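The structure under discussion appears below in the form of structure tokens.
The values are calculated or read from the model by the stated rules, or taken from the named source; none is laboratory data. Only a predicted model underlies this, so the values are computations on that prediction, with no experimental measurement involved. Note that each Cβ is placed from the backbone with ideal geometry, even for glycine, and that neighbours are counted across all protein chains shown. With ligands, DNA and RNA removed, areas are computed over all heavy atoms of the protein, side chains included. Shrake-Rupley method; radii C 1.70, N 1.55, O 1.52, S 1.80 Å.
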Amino acid sequence: MSDYSAEGGHGAIPTSGVPSDEGGSKRSQPLWEVFVRSRRGLSHTHVGSLHAPDAHMALRNARDLYTRRQEGVSLWVVAATDIVASSPDEKDAFFDPAGDKPYRHPTFYDVPEGLTHL
Amino acid sequence: MTTATAAPQLEQDFQACIDADGRIEPRDWMPEGYRKTLIRQIAQHAHSEIIGMQPEGNWITRAPSLRRKSILVAKVQDEAGHGLYLYSAAETLGVDREELLDLLHVGRQKYSTIFNYPTTSWADVAAIGWLVDGAAIMNQVPLTRCSYGPYARAMIRVCKEESFHQRQGFEAMTVLANGTPAQRQMAQDAVDRWWWPSLMMFGPSDTESPNSAQSMAWGIKRFSNDELRQRFVDATVPQAEHLGLTIPDPDLSWDDETGHYVFGEIDWTEFFTVMKGDGPCNRERLAHRVAAHDEGAWVREAAQAYAEKHASRSIAVAA
């Protein structure tokens, strides 16, 4: 019987008797979401987030944190508070309109045997 | 708004997603226990990464060559990066990282026991890369398939970088093992000291642990502590043989029937002693972390003041 698990990545740590969080007040610097273009010709992709006092520092920190191995040729940082997201609670209703329109896909249509370029 | 779905239905949908090997994302409904378990686990994982900078950071100024020094600086910087990826993942669960650091600093949240051992020779840096990071990879690779999306994604980045950590350690160990008799002795001494703590990294047998069973049902934990430890031993013994170094375990033997190595009893008294705070370096590690945080306060304050000054100027210009 053990309340220690290898969950620490670098080794066993207690899984009981440890608080998760106590809902304390938020006092970190603003949160920025980071997007990296891995090479020219590809879109920027979300890679994670970081804290920084302003956009300029966020960009420099993002370089050090997310592109230490030449993972990118361009970076975006976006203040997390500026992102507007769809609600997961409403995802069914929100995305429903596309659900009954299979005719928007080419695979909806039958193509006669032997014909190409169609 | 749609009408609130009843909790049992939400819980069923949640479990069905996990059972189908799907991923839970930050704003999805999740049981409070799942959220708490993940925060605790990701936070303590992050703490382990940043405390883990210390034993090896100790050797940066004394690395034996510029090549080794450059590699070590890059590795220690990676550990900081891993900590930041993980704090970032923890925050998607609605916790503030300053609070997590507070819990570390007062000793209420823990970090891996392995970092409470001292690095007394250069060979220890090699042993940490080879054995400690080797064990970490065994733990961390299954986490890349963890049910919580942000944690799994952070672990993919971590594992890619961890592979460099293990290889550089093995390379440094190879050089020592094939060096002068004194270097060989140094390598063997490091293996003698790091072998057992590395096995302890997987934790005591968890076959009876209710927490482990719940973590497995939630798709957070995929393999038992014992399974991962066995994998590590099976993978590492042939590497030690290649180096010509001896694993300090008289009971170690190959079992033809099971296709696994059999190894000796682990001294769990030592593990619990170190976990409770009485390892060789517990106080030093935590004191150093707190001092680094406190001494960096003026930098954070200056950056904040600069940001505020420029924000007020741009408002003035706009007005």
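Scanning for something within 30 Å of residue B:131 (Cα to Cα) and among the charged types (D, E, K, R), does segment A:75-91 turn up at least one residue?
No: segment A:75-91 contains no residue that is within 30 Å of residue B:131 (Cα to Cα) and among the charged types (D, E, K, R).
Within segment B:275-319, track down each residue that is of a type in the set (Lys, Arg), over 17 Å from residue A:28 (Cβ atoms) and either open to solvent by less than 40 Å² (accessible area, probe 1.4 Å) or within 14 Å of chain A (Cβ to nearest Cβ) (or both).
If the condition is that a residue be of a type in the set (Lys, Arg), over 17 Å from residue A:28 (Cβ atoms) and either open to solvent by less than 40 Å² (accessible area, probe 1.4 Å) or within 14 Å of chain A (Cβ to nearest Cβ) (or both), then B:276, B:285, B:309, B:313 are the ones that fit.
Give me the residue from segment B:155-184 that is touching a Leu at 6+ places or on another chain (Cβ under 7 Å) and open to solvent by less than 10 Å² (accessible area, probe 1.4 Å) and, out of that set, nearest to the other protein chains (Cβ to nearest Cβ).
The extreme case among them is B:155.
Determine if segment B:108-116 includes at least one residue that is under 24 Å from residue B:26 (Cα atoms), more than 13 Å from the chain's Cα centre (by Cα) and modelled with pLDDT of 95 or more.
Taking every residue of segment B:108-116 in turn, none turns out to be under 24 Å from residue B:26 (Cα atoms), more than 13 Å from the chain's Cα centre (by Cα) and modelled with pLDDT of 95 or more.
Taking the condition of being within 16 Å of residue B:42 (Cα to Cα), open to solvent by 10 Å² or more (accessible area, probe 1.4 Å) and of a type in the set (A, V, I, L, M), how many residues in segment B:95-126 meet it?
1
Among the numbered criteria (1) modelled with pLDDT of 95 or more; (2) within 10 Å of another protein chain (Cβ to nearest Cβ); (3) under 18 Å from residue B:37 (Cα atoms), which single criterion is violated by residue B:149?
Against the list (1) modelled with pLDDT of 95 or more; (2) within 10 Å of another protein chain (Cβ to nearest Cβ); (3) under 18 Å from residue B:37 (Cα atoms), residue B:149 comes up short only on (2).
Tell me yes or no: at least one residue of segment B:185-195 is within 12 Å of chain A (Cβ to nearest Cβ), out of contact with any helix residue (DSSP H, G or I) (no Cβ under 7 Å at 6 or more places or on another chain) and part of a helix (DSSP H, G or I).
Checked against the condition, which is being within 12 Å of chain A (Cβ to nearest Cβ), out of contact with any helix residue (DSSP H, G or I) (no Cβ under 7 Å at 6 or more places or on another chain) and part of a helix (DSSP H, G or I), segment B:185-195 yields no hits at all.
Please go through segment B:25-52 and pick out each residue that is part of a loop (DSSP other than H, G, I, E, B) and open to solvent by less than 10 Å² (accessible area, probe 1.4 Å).
Residue satisfying the conditions is B:52 alone.
Considering only segment A:50-108, how many residues are on the phi > 0 side of the Ramachandran plot and open to solvent by less than 100 Å² (accessible area, probe 1.4 Å)?
0
Tell me which residues, restricted to segment B:73-84, are open to solvent by 10 Å² or more (accessible area, probe 1.4 Å) and either within 9 Å of another protein chain (Cβ to nearest Cβ) or at positive phi (or both).
Selection gives B:74, B:77, B:80, B:84.
May I ask you to list the residues in segment B:196-210 that are at the interface with chain A (Cβ under 8 Å from one of its Cβ atoms) and open to solvent by 20 Å² or more (accessible area, probe 1.4 Å)?
Hits for segment B:196-210 are B:205, B:208.
Can you go through A:45, A:15 and tell me which one is at pLDDT 70 or above, open to solvent by less than 30 Å² (accessible area, probe 1.4 Å) and of a type in the set (Ser, Thr, Tyr)?
A:15
Sort out which residues of segment B:253-283 are in contact with a Gly (Cβ under 9 Å, 6 or more places away or on another chain) and not polar (S, T, N, Q), and write them in order of number.
B:270, B:271, B:277, B:283
Restricting attention to segment B:244-270, which residues are touching a Ser or Thr at 6+ places or on another chain (Cβ under 6 Å) and either under 27 Å from residue B:54 (Cα atoms) or open to solvent by less than 20 Å² (accessible area, probe 1.4 Å) (or both)?
Result: no residue meets the conditions.
One line per residue, one yes/no per condition, for (1) within 30 Å of residue B:21 (Cα to Cα); (2) of a type in the set (D, E, K, R); (3) within 22 Å of the chain's Cα centre (by Cα):
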| site | (1), (2), (3) |
| --- | --- |
| B:174 | no, no, no |
| B:193 | no, yes, yes |
| B:203 | yes, no, yes |
| B:234 | yes, yes, yes |
| B:243 | no, no, no |
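Which ones in segment B:211-229 are on the phi < 0 side of the Ramachandran plot, of a type outside the set (A, V, I, L, M) and buried (at least 20 other Cβ atoms within 10 Å of the Cβ)?
Within segment B:211-229, B:212, B:215, B:218, B:221, B:224, B:225, B:229 qualify.
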